[in-house]
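This report concerns only the one structure given below.
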Amino acid sequence: MADVDPGSTPGLKGGDKKALRETKKHRDELFELHERLYAERKRSLLVVLQAMDTGGKDGTVTHVVRNFNPQGVLITPFKAPTPEERRHGFLWRIRRRL
């Protein structure tokens, strides 16, 4: 975490429109790779999105997951941490769901 600049604003150069074009361009490849991963049943892909409210998490999920077979996708939302969750490290509550 010490290597992460908290003031940075990471993202794809070109903004949302370019991101949508790139996602659309790779849609078939994403679908094929997801199908293989699901059929293999040995490995998984974990994507953790963190942002403030209205930070684009729902839109990101919508645009990326639409390229996958819904049977191979599990989405787990996390609301504000409970007092118990606050007593642990950042990823503790996520690990509990794996």
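Only the coordinates and a few stated rules stand behind these numbers; no lab work does. Computed from a predicted model, the values in this text were never measured in an experiment. Every residue, glycine as well, gets a Cβ built from its backbone with ideal geometry; the counts of neighbours run over all protein chains shown.
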### Message
Pairs needed: first member in the stretch 51-66, over 19 Å from K25 (Cβ atoms); second member anywhere, of a type outside the set (V, I, T) and surrounded by fewer than 12 Cβ atoms within 10 Å (Cβ to Cβ); C-beta distance under 6 Å; at least 6 residues apart or different chains.
### Response
K57/A51
### Query
Are there any pairs, at least 6 apart or on different chains, whose C-beta atoms fall under 9 Å, with the first in the stretch 17-33 and among the aliphatic types (A, V, I, L, M) and the second surrounded by 14 or more Cβ atoms within 10 Å (Cβ to Cβ) and not in a helix (DSSP H, G or I), and if so, which?
L30/N67; L30/F68
